[in-house]
Each structure stands twice: as structure tokens, then as C-alpha cells.
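To start, the structure itself, in C-alpha cells.
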Amino acid sequence: QVQLVESGGGLVQPGGSLRLSCAASGRIFSTATIGWYRQAPGKQRELVATFTIGANIAYADSVKDRFTISKDNAKNTVDLQMNSLKPEDTAVYYCRAVYGGNPYWGKGTLVTVSS
């Protein structure tokens, strides 16, 4: 069974940092396309950062140079380091993996950027 569990969300002031972590089922971790998406209130879910086939990385333009995605193969985790956070980064952040042609989602973790 595929499982994705996010952690690390919370309340942070503008300009601050947070680190999100996604723990993935071991059997998918090495083969899945895996990354982070987010959904702000009243908006559609959007890509934040993801590993793609061939271990390439894609970032949304809005987070380039502020967010960094990384993967720990030993721990089966995918982290998202978020720096210089802005109020517009407020959203529920979801871990997503594509395995066997099927998408799998975690339940999400809320990030609130506010003073």
C-alpha cells in the first residue's frame, strides 16, 4: 500500500523559514516521481517542487531561489526547505507521488505565513 505522510507545517512570520518532510512507503520511494504541491484557500492545487523522471527537479517560478527540495534515500523522505516565506505561501502543502502510472497524495500539512 502506498502511503505518504507530511509533517512540519505551522505558523511562521513573513521572512521566516520552515522545513516540511514527507515520509513515503519504502517500496515506491526509489521509483516514484515525488514532490510537493500546495493549495491556498479558494485556489487550485499547484506544483511547488518535484523530482521528475531522471532525478531532475522542477520548481514553480514563485518559489525558485527560496525553496529547496531534497530527498533522503536512506530515510525514504522528501523534504521541502522553505526560506523567505511570504503571506502568499500560506496553503495546505501536499506530498504527491506517481507510481505505476497512478498518483498518490498525502493528507497535507498547513503552512500559515502571518505576522
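Observations on the model:
- Among the criteria (1) in contact (Cβ under 8 Å) with a residue 40 or more places away in the chain; (2) more than 15 Å from the chain's Cα centre (by Cα), the one Arg38 does not fulfil is (2).
- The residue that is most open to solvent (accessible area, probe 1.4 Å), counting only those in the stretch 56-84 that are more than 28 Å from Val2 (Cα to Cα) and free of Cβ contacts under 8 Å to residues at least 12 places away in the same chain, is Asp65.
- Here Arg19, Arg38, Arg27 are screened, and the one residue that is among the charged types (D, E, K, R) and either surrounded by 18 or more Cβ atoms within 10 Å (Cβ to Cβ) or in a loop (DSSP other than H, G, I, E, B) (or both) is Arg38.
- The set of residues in the stretch 85-112 being in a loop (DSSP other than H, G, I, E, B), open to solvent by 60 Å² or more (accessible area, probe 1.4 Å) and in contact (Cβ under 8 Å) with a residue 40 or more places away in the chain consists of Lys86, Lys107.
- Restricted to the stretch 56-78, and to residues there that are hydroxyl-bearing (Ser, Thr, Tyr) and under 12 Å from the mean Cα position of the chain (by Cα), the residue that is farthest from Ala97 (Cα to Cα) is Thr68.
- Considered as a group, the residues in the stretch 2-13 that are in contact with a strand residue (DSSP E or B) (Cβ under 6 Å, 6 or more places away or on another chain) and more than 25 Å from Asn102 (Cβ to Cβ) include one that is surrounded by the fewest Cβ atoms within 10 Å (Cβ to Cβ), and that residue is Leu11.
- When residues of the stretch 41-66 are limited to those that are assigned to a loop (DSSP other than H, G, I, E, B) and hydroxyl-bearing (Ser, Thr, Tyr), the one farthest from Thr77 (Cα to Cα): Ser62
- Set Ala91, Ala97: member being of a type in the set (A, V, I, L, M) and modelled with pLDDT under 95: Ala97
The values are calculated or read from the model by the stated rules, or taken from the named source; none is laboratory data. Values in this document were obtained by computation on a predicted structure and should not be read as measured data. Here the Cβ is made from the backbone with ideal geometry for all residues, glycine too, and neighbour counts use every protein chain on show. Just the protein is used for accessible areas: all its heavy atoms, side chains included, with ligands, DNA and RNA removed. Shrake-Rupley method; radii C 1.70, N 1.55, O 1.52, S 1.80 Å.
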